[in-house]
Amino acid sequence: MAPLIVFGRCGSRLLEFCRRHQLWLLADEVYDRLYYAGAQLGEPVPSILRLATRDDAVVVVHSFSKSYCMTGWRVGWLVARRDLAQKATQLNEFIISHAPSFAQKAAETALRDGEDELVRMLGRLKSNRDFCIAALERMPGVTVPKPDGAFYLFPRIEGLRDSFQFCHRLLEQERVGLAPGVAFGAGGEGSIRICYAADRSVLEPAMERLHKFILTSAKLRPQASE
């Protein structure tokens with residue numbers, strides 16, 4: 001799923017709630033650079049760390065998997081209060097020792113030399129997002145929110161009651177693989193998830209096939225009785 005942006009009033013209220021009830025706040029910010037709503041591409045999503053103090057029970061998780069396309073390399077870092085960071089360091093040392101040396105060198109190279117490529121990738125992703133949204137808006141019964149980051153869309157299809165079966169039939173009949181909304185919880189039923197990180201040569205026929213499939217499904221769907 002796309003990242004939940006909690007900065008501002010929502011983030012402040014969440015942080016105050018955790019302080020009041022002595023809870024730890026774990027913020028997954030691995031998509032922070034895949035953000036289109038900043039002043040310029042490449043500007044990160046505002047972090048919960050801007051609201052927190054060094055004494056707050058806050059843990060922020062980062063990864064090279066998304067922004068630098070290093071999925072599977074298993075390299076990342078966390079920002080945390082000193083006591084938790086010390087314990088995490090001990091666990092890391094005795095469980096895995098450290099990330100593989102070649103992966104660490106790749107991460108170092110990404111930080112040092114990867115900014116231009118990151119911005120180019122964001123331009124492609126933003127273009128793909130806009131293309132897919134325009135295609136979905138032409139499909140009958142489909143509504144889609146416009147996300148400010150990541151590389152997913154979560155359109156809702158009017159009358160859809162079984163998103164798993166919908167995606168299964170779409171895969172079998174049109175050879176288009178999407179994720180059923182119900183896979184992300186009961187609230188996702190009636191929706192599907194689309195990843196638009198693929199090349200345009202993949203996205204264009206995929207959107208055409210999805211459109212055709214939705215038209216066919218609408219014709220086969222039982223009509224509500226008067």
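The values are calculated or read from the model by the stated rules, or taken from the named source; none is laboratory data. Just so we're clear, the structure is a prediction, and the values are computed from it rather than from any experiment. Heads up, the Cβs are rebuilt from the backbone with ideal geometry, glycines too, and the neighbour counts pull from every protein chain shown. When the accessible area is computed, the model is the full protein with side chains, heavy atoms only, and any ligands, DNA or RNA have been set aside. Shrake-Rupley method; radii C 1.70, N 1.55, O 1.52, S 1.80 Å.
Take the conditions open to solvent by 20 Å² or more (accessible area, probe 1.4 Å), free of Cβ contacts under 8 Å to residues at least 40 places away in the same chain and either part of a helix (DSSP H, G or I) or closer than 30 Å to residue 63 by Cβ (or both) and apply them to residue 198. Does it pass? It is false that residue 198 is open to solvent by 20 Å² or more (accessible area, probe 1.4 Å), free of Cβ contacts under 8 Å to residues at least 40 places away in the same chain and either part of a helix (DSSP H, G or I) or closer than 30 Å to residue 63 by Cβ (or both). Would you check which residues across the range 145-164 are under 13 Å from residue 178 (Cβ atoms), in contact (Cβ under 8 Å) with a residue 40 or more places away in the chain and not in a strand (DSSP E or B) and list them? The one that is under 13 Å from residue 178 (Cβ atoms), in contact (Cβ under 8 Å) with a residue 40 or more places away in the chain and not in a strand (DSSP E or B): 154. Every condition in (1) open to solvent by less than 60 Å² (accessible area, probe 1.4 Å); (2) among the small types (Gly, Ala, Ser); (3) closer than 26 Å to residue 124 by Cβ is met by residue 39 except one, and the failing one is (1).
Listed by position, the helices (runs of 4 or more DSSP H) contained in the range 7-113 that have at least 2 residues being among the hydroxyl-bearing types (Ser, Thr, Tyr) and out of contact with any strand residue (DSSP E or B) (no Cβ under 7 Å at 6 or more places or on another chain) are 101-113. Residues in the range 177-187 that are part of a helix (DSSP H, G or I) and under 15 Å from the mean Cα position of the chain (by Cα): 181, 183, 184. Answer with yes or no whether residue 13 is at pLDDT 95 or above and open to solvent by 80 Å² or more (accessible area, probe 1.4 Å). Here the answer is no, as residue 13 does not meet what is asked. The sole residue among 215, 171, 122 that is farther than 22 Å from residue 30 by Cα, touching a residue at least 40 places away in the same chain (Cβ under 8 Å), out of contact with any Lys or Arg (no Cβ under 7 Å at 6 or more places or on another chain) and of a type in the set (A, V, I, L, M) is 215. Screening 158, 204, 189 for residues that are closer than 25 Å to residue 36 by Cα, acidic (Asp, Glu) and open to solvent by 10 Å² or more (accessible area, probe 1.4 Å) leaves exactly one candidate, 204. Quick check on residue 120: is it over 16 Å from the mean Cα position of the chain (by Cα) and closer than 29 Å to residue 63 by Cα? Yes; evaluated as a whole, the condition is true for this residue.
The residues of the range 118-139 that are open to solvent by less than 30 Å² (accessible area, probe 1.4 Å) and assigned to a loop (DSSP other than H, G, I, E, B) amount to a single one, 139. If you check 142, 59, 75 for being under 30 Å from residue 216 (Cα atoms), of a type in the set (Val, Ile, Thr), touching a residue at least 24 places away in the same chain (Cβ under 8 Å) and open to solvent by less than 30 Å² (accessible area, probe 1.4 Å), only one passes: 142.
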